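In what follows, a single structure is set out as structure tokens and then discussed.
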Amino acid sequence: MTQRIGNLFDHLADLQLAVDGIADTWRPDDPEYRADVYRQIMMQFSYGYFAFFHASPEHPDWAPLWNPVYTLQPNPDDIYLYAPVSPQYRYRLSGSRGTVKMIAINTQAALAGMPGEVDMTGANYADLDDRDLTVDAEGNIDFLLSAERPTGHAGDWLQIKPGASVLMVRMRSYDWLNEVDAILSIECLDPVPPKPRLTPDEIVERIRHMAAMPAKATKLFYWMQNEVKKAGGVNVFQPAPIGGALSKQVYLPAVFEFAEGEALILETDLPEVRPYWNFQLNDPYFNAVEYVYRLSSTNGHFARLSSDGKFRAVISLEDPGVPNWLDPAGYREGTIYGRWYDCDSCPTPTLKRVPFAELRDHLPADTPTVTPAERAEELRARVRACQRRRRW
């Protein structure tokens, strides 16, 4: 058997492609960037075990997806679940809806880093959210997924289009501490053999997929953030977002940049109808900045609006002592992503670069003060809330 499967490290050669991808980052010769990318490669590689060994379309099961460990720009408000599916089979998704702000469910082609073309909201894509589902008196949902609606089935249903291979669930919370995540199961309804022991060839194939995953994922995400920078430069939000992953969601990307002793003020009007909105910071490699122990994101529940009804946030290395601090966790450049979900308008935010010492001169005069004690409690509450959510 040893001769048949070869040397393990021969199957890991594609990891070098991810190292070579550093050339597509903003500072390929910076040793700090290189170390961060090495960490990112290991993160994606380790996630590959979930992706390629855990489940199959015949025997689906939930795996964690993007989260505080397996980053690559997760929405901090979302708990992501992933299961492999196929239009060859019929599935049932059922369980408790919980009390989270919303649940979004979609089928699509491959995820970033997996075999196949990433299709986002293209021809292989179908989605719904919990407003499209029947929730019974006990708070449960129960619906079918298949290539075609089953004959005579009048209940809830989501299509698995030709070419789709992924089912994603987003449990999106506003009030992290008090909302309860959904508890869901997925089962294949067609007769299939028992889950088999993998053959040597199947194991080797999956190891090769694991090794290739980091380069495939970062190739897409580096391209996305580089396109944002190419289109708008620095500190400018794009009115025409790059990419998309939910059909009802508009993304608001920008590249941020500031120096020591400076701050950025994010300012925006808000839609009149806004079921969900948020803003988050990402590092220079498209990973979400630490968001359990840092205040690097906010949403429509946590945000405090100014007296004129606008939302203003401050991006700075130091605590600015005002509401809505977006802490970049030591990075002075990266990307910002905002989201308007199913809103009646899509205002474009602005970024203003100012000296940190003059910050209050550029904010409304009645902007409240957040004391160090208040900030510490805000962070403690965030840590408790995030740790109580299922993340893996």
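The values are calculated or read from the model by the stated rules, or taken from the named source; none is laboratory data. Remember, predicted model here, so these are calculated numbers, not experimental data. In this analysis, Cβ positions are derived from the backbone assuming ideal geometry, glycine residues included, and neighbour counts consider all displayed protein chains. Calculation scope for accessible area: heavy atoms of the full protein, side chains included, ligands and nucleic acids excluded. Shrake-Rupley method; radii C 1.70, N 1.55, O 1.52, S 1.80 Å.
Of everything listed in (1) touching a Pro at 6+ places or on another chain (Cβ under 7 Å); (2) within 14 Å of Ile105 (Cα to Cα), the single unmet condition for His209 is (2). Taken as a whole, region 60-70 holds no residue that is touching a residue at least 24 places away in the same chain (Cβ under 8 Å), more than 24 Å from the chain's Cα centre (by Cα) and not in a helix (DSSP H, G or I).
This table checks each residue for (1) farther than 26 Å from Thr25 by Cβ; (2) open to solvent by less than 40 Å² (accessible area, probe 1.4 Å).
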position	(1), (2)
Pro200	yes, yes
Val204	yes, yes
Ala212	no, yes
Ala215	no, yes
Gln225	no, yes
Ala231	no, no
Lys248	yes, no
Leu252	no, yes
Val255	no, yes
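The number of residues in region 156-207 that are under 25 Å from the mean Cα position of the chain (by Cα) and assigned to a helix (DSSP H, G or I) comes to 2. Among the strands (runs of 3 or more DSSP E) confined to region 297-354, the ones with at least 2 residues that are among the aromatic types (Phe, Trp, Tyr), on the phi < 0 side of the Ramachandran plot and in contact (Cβ under 8 Å) with a residue 60 or more places away in the chain are located at 333-341.
Residues considered: Gly300, Gly334. Of these, the only one that is surrounded by fewer than 21 Cβ atoms within 10 Å (Cβ to Cβ) and at pLDDT 95 or above is Gly300. Among residues of region 199-214 that are at negative phi, those with a beta-carbon under 8 Å from a residue that is open to solvent by 60 Å² or more (accessible area, probe 1.4 Å) and among the basic types (Lys, Arg) at least six positions away or on a different chain give the pairs Pro200/Arg4.
Looking at this structure, is Val273 open to solvent by 50 Å² or more (accessible area, probe 1.4 Å) and assigned to a loop (DSSP other than H, G, I, E, B)?
yes
Of all residues in region 208-256, those satisfying the criterion of being more than 17 Å from Gln16 (Cα to Cα), part of a helix (DSSP H, G or I) and in contact with a Phe, Trp or Tyr (Cβ under 6 Å, 6 or more places away or on another chain) are Phe221, Gln225. Only one residue in Ala376, Ala365 is among the aliphatic types (A, V, I, L, M) and open to solvent by 70 Å² or more (accessible area, probe 1.4 Å), so which one is that? Only one candidate qualifies: Ala365. For region 36-88, a residue qualifies if it is open to solvent by less than 40 Å² (accessible area, probe 1.4 Å) and aromatic (Phe, Trp, Tyr), and the qualifying residues are Tyr47, Phe52, Trp62, Tyr70, Tyr80, Tyr82. For region 60-98, taking the residues that are touching a helix residue (DSSP H, G or I) at 6+ places or on another chain (Cβ under 8 Å) and aromatic (Phe, Trp, Tyr), the one that is modelled with the highest pLDDT is identified as Tyr82. All conditions but one from (1) over 30 Å from Thr218 (Cβ atoms); (2) under 23 Å from the mean Cα position of the chain (by Cα) apply to Asp136; the one that does not is (2).
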